[in-house]
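Below is one structure, written out as structure tokens; the observations come after it.
The values are calculated or read from the model by the stated rules, or taken from the named source; none is laboratory data. Just so it is clear, the structure is predicted and the values come from calculations on it, not from any experiment. All Cβ positions, even for glycine, are placed from backbone atoms using ideal geometry, and neighbour counts span all protein chains on display. These area figures cover heavy atoms from the full protein model, side chains too; ligands, DNA and RNA do not enter into them. Shrake-Rupley method; radii C 1.70, N 1.55, O 1.52, S 1.80 Å.
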Amino acid sequence: GKVIIHCVRHAEAYHNLRENPDRRIITDPKLTQLGVKQALNLKETFIPSNNITHILCSPLTRTLQTAQIAFEDLISQGLKVVAYPDLREHGSGPTSTGTSLQELQHLLHNANQITDLSLVSEGWEM
């Protein structure tokens, strides 16, 4: 069979705000209100969503949030968001630094049934 891969960039996060003086020192930034709206827009407009069999994203907060919002309908049908560290944005600044596995497990405790962290190991965030 044919494999089709759709790549989606995360929605706007706090480090994307040019007017934010702290934007370059934020560690693992979350989505802004506009970012949440962008993810919701993706949910409504992404046509091939009914053919998706896997949802992979980096364990960075902004990517997890984008995937959980944009693919909520697929998640409600039983698909999980698989956090895959090799998909992570790499850079030298804090915005490219993730949250530790222990913190991710704690933060995602309520979302544990929709997020698979089994590929994430301690120290991935460095």
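Side notes on the structure shown:
- Pair list, Cβ under 8 Å, 6 or more apart: segment 23-43 residue of a type in the set (Ser, Thr, Tyr), other residue open to solvent by 80 Å² or more (accessible area, probe 1.4 Å): Thr32/Tyr14
- Taken together, Ala67, Ala11 contain a single residue that is modelled with pLDDT of 90 or more, touching a Ser or Thr at 6+ places or on another chain (Cβ under 6 Å) and open to solvent by less than 90 Å² (accessible area, probe 1.4 Å), which is Ala11.
- Members of segment 78-98 found to be more than 22 Å from His54 (Cα to Cα) and either in a helix (DSSP H, G or I) or open to solvent by 20 Å² or more (accessible area, probe 1.4 Å) (or both), listed by number: His90, Gly91, Ser92, Gly93, Pro94, Thr95, Ser96, Thr97
- Extreme residue, least open to solvent (accessible area, probe 1.4 Å), among residues of segment 105-126 that are within 25 Å of Ile52 (Cα to Cα) and outside any loop (DSSP other than H, G, I, E, B): Thr115
- Qualifying residue in segment 44-63 (condition: crowded, with 22+ Cβ neighbours inside 10 Å, touching a Cys at 6+ places or on another chain (Cβ under 8 Å) and under 23 Å from Lys80 (Cβ atoms)): yes
- Residue ID - farthest from Arg18 (Cα to Cα), chosen from residues in segment 78-126 that are among the β-branched types (Val, Ile, Thr) and touching a residue at least 60 places away in the same chain (Cβ under 8 Å): Val120
- Hits in segment 52-77 (condition: free of Cβ contacts under 8 Å to residues at least 60 places away in the same chain, closer than 20 Å to Ala13 by Cα and assigned to a helix (DSSP H, G or I)): Thr61, Arg62, Thr63, Leu64, Gln65, Thr66, Ala67, Gln68, Ile69, Glu72
- Members of segment 18-41 that are open to solvent by less than 50 Å² (accessible area, probe 1.4 Å) and either modelled with pLDDT under 95 or at positive phi (or both): Asn20, Arg23, Ile26, Asp28, Pro29, Leu31, Thr32
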